[in-house]
1. Pull out all pairs, ordered by first then second residue, where Cβ-Cβ is under 6 Å, the residues are six or more apart or on different chains, the first lies in segment 321-334 and is more than 21 Å from G262 (Cβ to Cβ), and the second is among the charged types (D, E, K, R).
2. Any chance segment 345-361 includes a residue that's among the hydrophobic types (A, V, I, L, M, F, W, C) and either surrounded by fewer than 18 Cβ atoms within 10 Å (Cβ to Cβ) or more than 18 Å from F263 (Cα to Cα) (or both)?
3. Just checking, which of Q157, Q122 is within 16 Å of I212 (Cα to Cα) and surrounded by fewer than 22 Cβ atoms within 10 Å (Cβ to Cβ)?
4. Working carefully through the options L266, L230, L304, find the one that is in contact with a Phe, Trp or Tyr (Cβ under 8 Å, 6 or more places away or on another chain), more than 16 Å from P469 (Cα to Cα) and either crowded, with 19+ Cβ neighbours inside 10 Å or modelled with pLDDT of 90 or more (or both).
5. What's the number of the condition G163 fails, among (1) within 26 Å of K409 (Cβ to Cβ); (2) free of Cβ contacts under 8 Å to residues at least 24 places away in the same chain?
6. Is there a residue in segment 393-410 that is over 28 Å from the mean Cα position of the chain (by Cα) and part of a helix (DSSP H, G or I)?
7. Checking L384 against (1) surrounded by fewer than 22 Cβ atoms within 10 Å (Cβ to Cβ); (2) under 26 Å from the mean Cα position of the chain (by Cα); (3) not small (G, A, S), only one condition comes out false. Which one?
8. Can you tell me which residue among V337, V368 is of a type in the set (V, I, T), modelled with pLDDT under 95, touching a helix residue (DSSP H, G or I) at 6+ places or on another chain (Cβ under 8 Å) and surrounded by 14 or more Cβ atoms within 10 Å (Cβ to Cβ)?
Amino acid sequence: RIGKHARLEYEIITKSGEHKWVFELGRLTEDDPPILEGIILDFSHYKELEQSRIYENERIPLTGLLNRSALKRQMEEDKQNPEIQESALISINFTPLYESVSRLNHSYVEDLLVQIGSILAQFKSETAWVYGPIDYSFAIYLSSYPSRSGLEALGTQIIGLVGNLLSSEHVGWGVGIIEIDWSEEPEIDELLHQVIQASDLASKTHSGRPAIRFYERVISELIHRESSILRELSSIVEAVDDDRLYLNYQPVVSVQTNEIVGFEALARLMSNELGLVGPSEFISIAEKYRLIIPLGYQILTKALRFQKRLEERGCADYWVSVNLSAFQLLEPGFANVVQSLMAEEGTNPEAIVFEHTESGAYSSLTAVNSVLKTLQGFGSRIALDDFGVGYSSLARESELNVDYVKIDKLFSDQIIKLGADRSVLGDVIKMIHKVDRITIVEGVEEERQLDYLKQNGCILYQGFLYSKPVSEEAALRLCT
């Protein structure tokens, strides 16, 4: 407008071909015709500083790749750009990898992430950007893409390249993809959440191999799978005794004598529709829909009957351990029902060990501790499972009424990955012994791990070195 000041900044190309950023402050005079008067300043240096700050603020120092803020900014720009109709977002989810090793050696995880970032960086282009790690995932955002089959081919290429690096880690990871139609005005945060859902499902395939999942397939797959498992669990509860829910048994072995002292009962579900379903999946569904109480009693009954068969084979000294959910421990009257079941099956309570996880105990420590003490009063023993997963505190564990502490496989893996000299497992064993608990190390697969346990005074162990979990009949054959 005439008489009003205008402020503009824009990029120009000088006569010599040099790019410059200029700031213009001017106004139109009231002359007839109006005259534009004002000043034009070269502020290229300040613009460079601004771009540098943006660059630094939007980069992840570890990998040099763009961060979540940069991803959201780019997506927001494309959302507002009428020339961009469809885009795609790919999430490469490494949460299981991070959970399996991060608590043991942070620098090892960082090295892996740097290498993964270098591999993924090769997919950068004028219309594709690479981000991460963001919440244990990397992302590739494409402003445009040729076709769904092209996205699937890109996912397959990512799996091939990254898979070569992670072939020795033996943990799940996966690729999630979401196709974006900007005409539908989607929310950026919701898109980020949805692609993580897709990659999370892809990382949990039971084959153990990385998979590709498109988002719209994920929802129907998840709903159908959960409904199917819930339906079967409900029918198992109604049937009381159903072969679809069965137990495998893994020996617990003396470190010094290499002789079996007991078995851990491990629940399995053979679905008519889905095949073998992992315990972490069906137990969480059972807990969600409060079926864990009746299912837990069925599992306990099967374990008690197995212990009776051991006794009949002349192996009365072998104990059987059963995993308990926090929901079971907090169920009113739970200890009384357990006592009744043991009496009904003619089980010696001293031959039963009850296992529970530390996370389950922390939410209601006083109530859980009271139930554990009651079970100990029957003559049974208590094992704290998965020690070292999560935020463990030995001082906190010493408050619990437990007899055994089962040290998670993460620590025994450390012997292989880092070497005996750098492993902290020996220190953990010594600390547990100082609070008068018996140590059981899980996941022992090689002789050098067993040698390490002998040298560091561990009492008991479990693992494939002696035996994988086996059927009830196979476990009975191990009874000597």
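The values are calculated or read from the model by the stated rules, or taken from the named source; none is laboratory data. From a predicted model like this one, the values you see are computed outputs, not experimental measurements. Backbone-built Cβ (ideal geometry, glycine too); neighbour counts: all protein chains shown.
1. Final answer for the pair search is F327/E287.
2. To start, the set of residues in segment 345-361 that are among the hydrophobic types (A, V, I, L, M, F, W, C) comprises 351-354, 361.
Pick out the ones that are also either surrounded by fewer than 18 Cβ atoms within 10 Å (Cβ to Cβ) or more than 18 Å from F263 (Cα to Cα) (or both) and you get 361.
Within segment 345-361, one or more residues are among the hydrophobic types (A, V, I, L, M, F, W, C) and either surrounded by fewer than 18 Cβ atoms within 10 Å (Cβ to Cβ) or more than 18 Å from F263 (Cα to Cα) (or both).
3. Values: Q122 fails: within 16 Å of I212 (Cα to Cα).
So the residue among Q157, Q122 that is within 16 Å of I212 (Cα to Cα) and surrounded by fewer than 22 Cβ atoms within 10 Å (Cβ to Cβ) is Q157.
4. Values: L266 fails: more than 16 Å from P469 (Cα to Cα); L304 fails: in contact with a Phe, Trp or Tyr (Cβ under 8 Å, 6 or more places away or on another chain).
Answer to the selection: L230.
5. Checking G163 against (1) within 26 Å of K409 (Cβ to Cβ); (2) free of Cβ contacts under 8 Å to residues at least 24 places away in the same chain, the one that fails is (2).
6. Within segment 393-410 (the criterion being over 28 Å from the mean Cα position of the chain (by Cα) and part of a helix (DSSP H, G or I)), the answer is no, since none of the residues qualifies.
7. Failed condition: (1).
8. Numbers: V337 fails: modelled with pLDDT under 95.
None of the others qualify; the one that does is V368.
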